[in-house]
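Down below is the structure, laid out as structure tokens.
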Amino acid sequence: DDTAILTIVPADKLKFAGQAAAKMFLENKSVGYVAYRIRTNAPKLMNVQPCSGTLHKGEKVVIKVTSTDKHIGKRGVRLVIHAVAVPSTAEVTRERWSEFEKSEISEW
């Protein structure tokens, strides 16, 4: 999608391939700053680091997803990534995320 503010690799599924950890890459494709956060429906089974942050134009970050369950790939666990354009690299708090309009937030 050429209008997306983030590029996410892999775009569809994380592959653990029998390992306890998998990696994902995020890249800011916008002309400004982009704040992101990653959520899961199984927080007790997965650890996502870093789970949030702000990227400047063209910046990339490696996200490490670690699981305590060796069968994680068969559990129907989901990750949701939210991203929003922001004016600076200032931390986006949980309260601030709740103030954004739904139309401002991109979701994958």
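The values are calculated or read from the model by the stated rules, or taken from the named source; none is laboratory data. Keep in mind that this is a model prediction, so the values were computed, not measured. All Cβ positions, glycine included, derive from the backbone under ideal geometry; neighbour counts span all protein chains shown. Protein only, heavy atoms only, side chains kept; ligands, DNA and RNA dropped before computing areas. Shrake-Rupley method; radii C 1.70, N 1.55, O 1.52, S 1.80 Å.
See the values below:
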| read-out | value |
| --- | --- |
| Sequence-distant aspartates and glutamates (8 or more away, or on other chains) whose Cα lies within less than 12 Å of K29 | D1, D2, E59 |
| Over the chain: helical MRE at 222 nm, DSSP H runs n ≥ 4 each giving -39500 (n - 2.57), nearest 500 | -1500 deg cm²/dmol |
| Cross-link pairs beyond the 20 Å C-alpha cut-off, checked among K15/K102; K23/K44; K15/K57 | K15/K102; K15/K57 |
| Gain in span if fully extended, V62 to T89, counting 0.36 nm per residue against the direct Cα distance | 8.0 nm |
| Efficiency of FRET from Cβ geometry, R78 and K102, R₀ 25 Å, rounded to 0.05 | 0.85 |
| Percent carbon-and-sulfur accessible area, the stretch 6-107, ignoring ligands, DNA and RNA, probe 1.4 Å | 50 percent |
| Surface per residue (accessible, 1.4 Å probe) for the chain, Å² | 68 Å² |
